[in-house]
1. In the stretch A:297-304, is there at least one residue being buried (at least 20 other Cβ atoms within 10 Å of the Cβ), of a type outside the set (Gly, Ala, Ser) and either under 28 Å from the mean Cα position of the chain (by Cα) or at the interface with chain B (Cβ under 10 Å from one of its Cβ atoms) (or both)?
2. Among the residues of the stretch B:448-462, how many are at the interface with another protein chain (Cβ under 9 Å from one of its Cβ atoms) and either at pLDDT 95 or above or out of contact with any Asp or Glu (no Cβ under 9 Å at 6 or more places or on another chain) (or both)?
3. Any chance the stretch B:77-91 includes a residue that's away from every other protein chain (no Cβ under 14 Å), part of a helix (DSSP H, G or I) and closer than 24 Å to B:PRO4 by Cβ?
4. What residue, of A:PHE70, A:PHE120, is under 20 Å from A:ALA10 (Cβ atoms) and of a type in the set (A, V, I, L, M, F, W, C)?
5. What are the residues in the stretch B:463-493 that are within 10 Å of chain A (Cβ to nearest Cβ) and either of a type in the set (A, V, I, L, M) or farther than 17 Å from B:HIS393 by Cβ (or both), if any?
6. Taking only pairs six or more apart or across chains, which ones have beta-carbon atoms under 8 Å, a first residue in the stretch A:153-169 that is over 14 Å from A:THR203 (Cα atoms), and a second residue that is of a type outside the set (Asp, Glu) and modelled with pLDDT under 90?
7. Do you know which of the residues in the stretch B:43-72 that are among the charged types (D, E, K, R) and surrounded by 14 or more Cβ atoms within 10 Å (Cβ to Cβ) is nearest to A:SER255 (Cα to Cα)?
8. So which strands (runs of 3 or more DSSP E) stay within the stretch B:500-603 end to end and still have 1 or more residues that are under 30 Å from B:PRO635 (Cβ atoms) and without any contact (Cβ under 8 Å) to a residue 24 or more places away in the chain?
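The values are calculated or read from the model by the stated rules, or taken from the named source; none is laboratory data. As the structure is a prediction and not an experimental result, all values here were calculated from the model. Note: ideal-geometry Cβ built from the backbone for every residue, glycine included; neighbour counts use all protein chains shown.
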Amino acid sequence: MKNTELLDAALAALAPINTLPDWQQCKARYLGKKSHLTQSLQALKNLPPEERKEHAQALNQTKNALERLFEEHKKKLNLDQLQERLTDQRTDVTRPERCLSELGSLHPIVQVQTRIRQYFGALGFEMEEGPLVEHEAINFTALNTPEHHPARDESDTFYFDEHHLLRTQTSTVQIHGMRQRKAPMRLMSMGPVFRSDFSVRHTPMFHQLEGLIIDPSLHMGHLKRLLTDFLAWFFHQEQALIRFRPSFFPFTEPSAEVDMRCHHCHGQGCRTCSQSGWIELLGCGMVHPNVLKAGGIAPEHHQGLAFGLGLERLAMLYHNLSDIRLLFDNDVAYLKSFGVHTA
Amino acid sequence: MRYPVSWLLDWIAISDIPLPELAERLVFAGFELESLHEGPLDEALLDLKVTANRGDALSMLGLARDIAALYDRPCHDKLPEARTPTGVCPVALEASCCPVFHAALITLPEPAKRNPDWLVRRLTQAGMLSVHPMVDLLNHMMLGCGQPMHAYDADRIQGTLCVRESQEGELFETLQGQTLTLRAGHCVVADEVGVLALGGVIGGARAAVRPESTRILLEAAHFTPESIATTRRYNLHTEAAFRFARGVDPSLPGPALSAVLDQCQALHQAVCHAISVSGRVDPPTPLLLPHSAPQRYLGYAPDHHRVHTLFERLGAQVHNLSDHWHITPPSHRMDWQEEVDLIEEIARLIGYEHLPEEAPCLPMLPAPPSRQQLHIDQLQHHMAAQGFSQSIHYHFVDREQETFWGSLSHALAVRNPISEDKAVMRTQLLGSLLRTMVAHHNRQQHDVRLFELGTCYQGPQLPPTETQHWAFVMVGSRHPVQWGLPECALDFFDAKGVVTQIADVLRVPVSWEGLPEPAMTEQPPLWHPQHSAVVRHTTTQKPLGTVGALHPHWVQVLGLKAAPWLFEGSLAPWCVPQHAGIVVPERSPCMTRDLALWVPRTCAYAALQAAVTNEAPEWLKEVRLFDVFDSKNAPEGMIGMAVRLSAQAKERTLEDKDVDAMVAAVLQRLAKLGVVLRR
């Protein structure tokens, strides 16, 4: 019949069409004002009424079918075009990204300080600072190290004149802290200290941490627990692999040193730990009564716990570093490898 | 100190204890293990580091006492009684630094007769050199019981011996051949001619024993730690000085001398002609230790009987009273001065593993981070985010650096620096940063961004003023080399951008001005006068720092290819807390107008911006410079600039005529500066 022929013809005409303008042209030919179909529809009014209805129905059916055909083809055309756009400009995702500025870094010692501040800050320790150029009355005498004490011999101190020196330990801040406050108190101080020594494990300037708690009822067991908990957290361990052994400092009595199990040899003995299986980490003890008195605190009413450790030592153990001097060489590539982490 | 096991056995029975176990036990009693040598009896030894408070442990007897207390067994205190004085051998004591002096005069029938092999071997094992048979004998006794002693050739002593204070300028030649000019106040052993020995430290060459010496004067005396301390300046590190500095038992000279005389008689058939004793020592003061003290300090209460036995084994006299112990320290424990010293003995001998690990119960007092610290954290983070690596340099620097870029007259000099390049305390940070940058340059590393926060020291007074500074250096390309972006070197505005970013983060309002004319000085300043600026706090006008290029003179001297960009300022003014200015969002649309202008080169952008914004309606929100270009077509002395004006009114939509009027007014004001619209 004429109508199916029309549909077939339209299908055949559409087949090669793949652009929208061509499609529009084709649609105009079959469905437009001058198309055969439209003219047939218009010619309906010339037909006698009995024939009109039948012809109209057939023509409208054809028109609807054609319109459907064209719409479907258009949809397909759009999809094809979209598809082409998707495959056309494929981005090579493996090319380097745009980088307006490379990421810098925070110094590993600063990162250690931030972690420590987070931990002890949460325990209520006030952060204190003290002068770096000190009087020997504070650096030694107030810390129970009188003139004749052999510990003065061993400290390799830098002097400016007979009395002024670069502090050899952060314990000086204990004295300043105690004098500025009434007991009870919890203090912490971190900062540079200076000793005349230079090797793979020693630099003439390094950083120390000092912690001090003063309260009427403190004992050595508290100190042991405090340090055990801290070290376990710092090294991300369930339980800190440490040992707590007696030692001597002029400003604490009893005194202790804490060793960490050597991470290189797991306690078997190696060069890193001088064959002992342990690495010395920190010193601590109960504040000597003379030091409490020098800080204006009565030893009869209060007890103090104090602990100090080297931050470079901590950083070296945490990051498995072998040469402390690199921390002061400030090579950018080395520094960058530490990133900005403070957790 | 080395403790050969075979020698220790003289003083305490320890053959049943495996050496590693003994070493471990001693470590947990307060000694540090330097090394351990197992093996046959004549080779086995312990090398222990003894802490400065345990002078008493620097001998076989001393360590044996500790082992006795640790293992609850007796030690053989084998020293004989002090001999009674006899004959004539007077020694006058004229100084408090030497409270007691025992002397004995002996003759040797066979001068320099060799000591038996076992004695020489022991000394070698213990790490001491063999010197002279008499000296070796004394050293052997020193290592054995702890009393340092000295031998003089009695034939070279003129007149009577005395112990007195040295006089200023006295000369003294040590037996090591060093001649010292003594200060006043040292403790010296002297005869009528002069100084024979520096008491407790070292003997002199004049009366040193020689192979041919037959008459020997033996000295066993006590010298106080204070008197040893005065001789520190001479750097004489002797075994005797080491022990006296840490405290020797003041009642030891008599028994030690007696033991040595016994040995001289037995081994060398020496004849003793005279013994003298001068001075005396007070017995130790008893201490009271409350029964409640261990619980108070250690957190646990050991068995009373155990505490009693422990102190007895250590040599103390103990009386157990109703609520405390009455403890008389043995004369060798000079480190027992008060209650806490006794507590330490209990703690270390019973064992630190018994300390109860309990969390302390403390009042909940606030300790939030300080605002200053929060500001510092922000500054550090945002510098890192802008590509800078944080450095930490030594606080002591070389003099040259301070001369060039700091202020040498204000830089404190270290009296005993570790090296010449660390001789003075820094007054500024940039010097060290520059040096490190040069080191990178020499390694072909040309893209460097470093920043630092740290203390600077301003002298010359002591103590100096310590101020925290912060500083950065940057050199190289604006961006890392990459496809899609042209390579571009850093310029002033990159450095300005870094500082502005920090100012924004810390909410510090900053304003910028060029450097003043530099003073005519001998050497060029740090900063390039044309490409540097002073940063000021807009409100207080306080200087916040200086930013700019390194002066070309220094670029050349340091051998750099391109001028690095630098900043340094004091940290405190950056860390003042500020309030945020909160902006309420507007609903009305924002309109923009771009103005293309010719601007006289002499006109600073700040002046142009001020002319636009001053007297402008408050709905003129922003003026942004988005283009600057030089052109051949520019009028004489002019440079092309383009600014974008953004206008947004509260609660109403601006009409074109409002904006047009505003722009016309702006152009009128700009005309006064010589700024004209570009056609």
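1. Yes, the stretch A:297-304 has at least one match.
2. The total comes to 10.
3. No, the stretch B:77-91 contains no residue that is away from every other protein chain (no Cβ under 14 Å), part of a helix (DSSP H, G or I) and closer than 24 Å to B:PRO4 by Cβ.
4. A:PHE70
5. B:PRO463, B:PRO464, B:THR465, B:ARG478, B:HIS479, B:PRO480, B:VAL481, B:GLN482, B:TRP483, B:GLY484, B:LEU485
6. A:ASP153/B:ARG232
7. Filtering the stretch B:43-72 for residues that are among the charged types (D, E, K, R) and surrounded by 14 or more Cβ atoms within 10 Å (Cβ to Cβ), the one nearest to A:SER255 (Cα to Cα) comes out as B:ARG54.
8. B:510-514, B:527-537
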